[in-house]
Amino acid sequence: KNFASSVFSMSPGRARTDVPMDPPLSVLLSRRTKLYLLDLADYVHTRPFSTTFYIYLMFAAVKFLVYSGMRSLGFPNGKYIHDVAASCTGIMHSTIACVLSYEALRFRGWSWVWRDSLDLTSANTPLGTLTILYSLGYIIFDSVYIARYLPDDFLVQLHHLGSMVFMASNLLLRKGDSLCLLCVFFGEITNSTQNCWLIAKYSHQAGYVTDEVPYRALGTATFLALFLVRALYAPYFLIWRFYKGLFPPPNPVPIAVRIFWVWMPGAMVIGTLLFLQGMAHETYLF
């Protein structure tokens, strides 16, 4: 069957008997949308390669549409509109990724007040796999963009490489999607604000916005969001909890993989601190 026609011909919740009338998800989505997501996850989680490829094409198409829209508005062709189009695509990804990862975590019973009952090495769920594939497709797309337009941004490329290995290990082992979902959620929850700041930054640098107030205000908001989520919350609620959940024996996941999984949020904290140091200097926060 054709992938697109199969997905869009689905009848939401048509075959699901495992979802109660009030599924333990969030109030972000309607019941009909939740059931459609679960049906979609059931369909795509056994097709990781084709799903990732189609998601990559989707983000490439979104960037092209934003780029074409800016060209039709009279913006000259150049790096500025490519950067803005990529940031708009990043806003789309981070928004949807946060909703998907939050829904998948809530489906497992997770809440903001961490519960030790969350099994970090249990088998991947279809909804968790869909969320990982969605973010993997975007990271591949963004890596291609960074390699072409920002080849000197080594920190971002290293982050993307580590993220791809992290997601691939979850998919290959078919275990630990909760770990990946937590990193996606807390990694992406600040990215919409960050991409808005980047758009303001590019517009200021290109001379389209001469007033520095939007650039500075969004820079301050981004700095605080990154500091609170990635530098304060992440060390305990991700690194320490990952360690507690992964290292009590016995454990079906190889120890080298577990060490890498615990290292990933630590690398995120280190990378964030390095980014914040440069950002504080660039936006004159300090």
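The values are calculated or read from the model by the stated rules, or taken from the named source; none is laboratory data. This one's a predicted model, so the numbers in the text were calculated from it and none came from an experiment. Neighbour counts run over all protein chains shown; Cβ positions are idealised from the backbone, glycine included. SASA here: full protein model, heavy atoms, side chains in, ligands and nucleic acids out. Shrake-Rupley method; radii C 1.70, N 1.55, O 1.52, S 1.80 Å.
Using a 1.4 Å probe and ignoring any ligands, DNA or RNA, find the accessible area of Leu120 and quote it in Å² to the nearest 10.
Taking all protein chains as shown, Leu120 has close to 10 Å².
Can you give the Kirkwood hydrodynamic radius for the stretch 134-256, in Å, rounded to one decimal and based on Cα pairs?
16.7 Å
Looking only at the stretch 77-102, which residues have a backbone nitrogen under 15 Å from a spot 7 Å from the Cα of Val156 in the C-beta direction?
Within reach of a label on Val156, which here means backbone N under 15 Å from a point 7 Å along Cα→Cβ, the stretch 77-102 contributes 79-94.
Would you work out the charge dipole size for the chain about its Cα centre, treating the Cβ of every Lys and Arg as +1 and the Cβ of every Asp and Glu as -1, and quote it to the nearest 20 debye?
Magnitude of the dipole: close to 600 debye.
Just to confirm a number: summing +1 for Lys and Arg and -1 for Asp and Glu over residues other than Asn77 whose beta-carbon lies under 15 angstrom from that of Asn77, what do you get?
Neighbour charge sum, excluding Asn77 itself: +3.
Please give the contour-minus-distance gain from Gln277 to Tyr54: 0.36 nm per residue of separation, less the Cα-Cα distance, rounded to one decimal in nm.
Extra length available between Gln277 and Tyr54 comes to 76.6 nm.
Short version: what are the Cα gyration tensor semi-axes of the chain, square root of 5 times each eigenvalue, largest first, in whole Å?
For the chain, the semi-axes come out at 32, 25, 17 Å.
Once ligands and nucleic acids are excluded and a 1.4 Å probe is used, how much of His45 is accessible, expressed in Å² to the nearest 10?
For His45, the solvent-accessible surface is approximately 70 Å².
Quick one: accessible surface of Ser122, probe radius 1.4 Å, all protein chains present, in square angstrom to the nearest 10.
Solvent-accessible area, nearest 10 Å²: 30 Å².
May I ask you to list, by number, the DSSP H helices of the chain whose Cα span along the axis is at least 24 Å and whose average Kyte-Doolittle hydropathy reaches -1.0 or more?
Within the chain the helices that satisfy the rule are 48-72, 79-107, 126-149, 154-173, 255-282.
Tell me which of Gly109, Thr95, Ala61 sits at the most positive position along the dipole axis of the chain, charges placed on C-beta atoms (Lys, Arg +1; Asp, Glu -1).
Of Gly109, Thr95, Ala61, it is Gly109.
Accessible area, 1.4 Å probe, largest first: how do Cys183, Cys88 sort?
Result of the area sort, largest leading: Cys88, Cys183.
Got a sec? What order do Arg258, Arg106, Arg71 fall in by accessible area at 1.4 Å, biggest, i.e. largest, first?
Accessible-area ranking of Arg258, Arg106, Arg71, largest first: Arg71, Arg106, Arg258.
Where Lys and Arg each count +1 and Asp and Glu each count -1, what net charge lies around Ser101 among other residues with Cβ under 12 Å from its Cβ?
After counting each charged neighbour, the total is -1.
How much length is gained on full extension from Phe260 to Tyr208, taking 0.36 nm per residue of separation minus their Cα-Cα distance?
Full-extension gain reported as 14.4 nm.
How many lysine pairs are close in the chain, with Cα atoms under 19 Å apart and the two 8 or more places apart or on different chains?
Number of lysine pairs found: 4.
Select from Ala206, Thr193, Cys183 the residue farthest towards the positive end of the dipole of the chain; place +1 on Cβ of Lys and Arg, -1 on Cβ of Asp and Glu, and compute about the Cα centre.
Among Ala206, Thr193, Cys183, the one farthest towards the positive end of the dipole of the chain is Cys183.
Quick one: which residues, 5 or more positions from Lys175 or on another chain, have an amide H under 5 Å from its amide H? H modelled 1.01 Å from N in the peptide plane, none for Pro or chain starts.
Amide H neighbours of Lys175: Asn124.
Tell me, in nm to one decimal, what length is gained between Ser68 and Ala217 on full extension, where the rule is 0.36 nm per residue of separation less the Cα-Cα distance?
Going from the current span to full extension adds 50.8 nm.
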